[in-house]
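> Supplied in structure tokens, the structure appears directly below.
The values are calculated or read from the model by the stated rules, or taken from the named source; none is laboratory data. In this text, all values refer to a predicted model and were calculated from it rather than measured experimentally. We place every Cβ from the backbone using ideal geometry, glycine too, and count neighbours over all the protein chains shown.
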Amino acid sequence: MIFGRQPMGEAVSQRRTLSPFLFGRTGGTLWLFAMLFIAVPFAASSAGCGGSSSSSPGPTQQTRDAKVTGQVVDQYNNNSPVVGATVRLVGISTLTAQDGTFVIAIPSGTAGKLTVQSPSTVRYYSTGYANGQAVNLRDEGVPIPALTASQSYPVGIISILSETGPPPPPLF
């Protein structure tokens, strides 16, 4: 060995012995599949997807055992369902389904304001109607009381107004 380096022939022979196993066409593929079969089941079991699971959540894990339900419709379009509107409550959001309905699961004991944002395909006014009352659906939202475990709170029909119609009356 000269100056801490291996002679040329020795390095080449070591590279040839490792190369077919790690990087060769069949050896590299085999090595990759072997790592996947080891890593994927380990990752799944550590993420709680497999193996044993505990029936009670840990101290930092919140359970979402109350739910808020409702339907978003467009009042200026014959009360047709609004598909893809974002409904948000205490940092949890969901999109409305094909029939305009939504379900948001929240931790029990949580209260907040339910806001609605229209899908990007159609523009809507920020004012709409919930429970027959005009409300700013984007900023102020619909008040939701604290719910107990397994309680379901039906908001009912939330009417939003597309900008194809006249502007809604101002909120006081």
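> Being more than 18 Å from A66 (Cα to Cα), without any contact (Cβ under 8 Å) to a residue 40 or more places away in the chain and of a type outside the set (A, V, I, L, M, F, W, C) is the filter here, so list the residues in segment 107-140 that pass it.
Residues satisfying the conditions are Q117, P119, S120, T121, S126, N131, G132, Q133, N136, R138, D139, E140.
> Here's a follow-up. Kindly provide the set of residues from segment 110-141 that are crowded, with 17+ Cβ neighbours inside 10 Å and farther than 14 Å from I158 by Cβ, ordered by number.
Matches in segment 110-141: T110, G112.
> Sticking with this structure for a sec: Residues that are in the same structural domain as S80 (by TED's automatic domain parsing), in contact with a Pro (Cβ under 6 Å, 6 or more places away or on another chain) and surrounded by 15 or more Cβ atoms within 10 Å (Cβ to Cβ): does segment 142-149 have at least one?
Taking segment 142-149 and keeping what is in the same structural domain as S80 (by TED's automatic domain parsing), we get 142-149.
Of the ones still in play, those that are also in contact with a Pro (Cβ under 6 Å, 6 or more places away or on another chain) are none.
The answer is no; no qualifying residue exists.
> Which ranges mark the strands (runs of 3 or more DSSP E) fully within segment 120-160 that have 1 or more residues being closer than 18 Å to P107 by Cα and among the aliphatic types (A, V, I, L, M)? Let's see the steps before the verdict.
Details: elements: 124-130, 133-136, 142-144.
Those strands (runs of 3 or more DSSP E) span 142-144.
> How many residues are surrounded by 12 or more Cβ atoms within 10 Å (Cβ to Cβ) and within 23 Å of A111 (Cβ to Cβ) if we restrict to segment 161-172? Please lay out each step first, then the result.
Just the residues of segment 161-172 that are surrounded by 12 or more Cβ atoms within 10 Å (Cβ to Cβ), to begin with: 161-163, 165, 168.
So of that shortlist, the ones also within 23 Å of A111 (Cβ to Cβ) come out as none.
Matching residues across segment 161-172 total 0.
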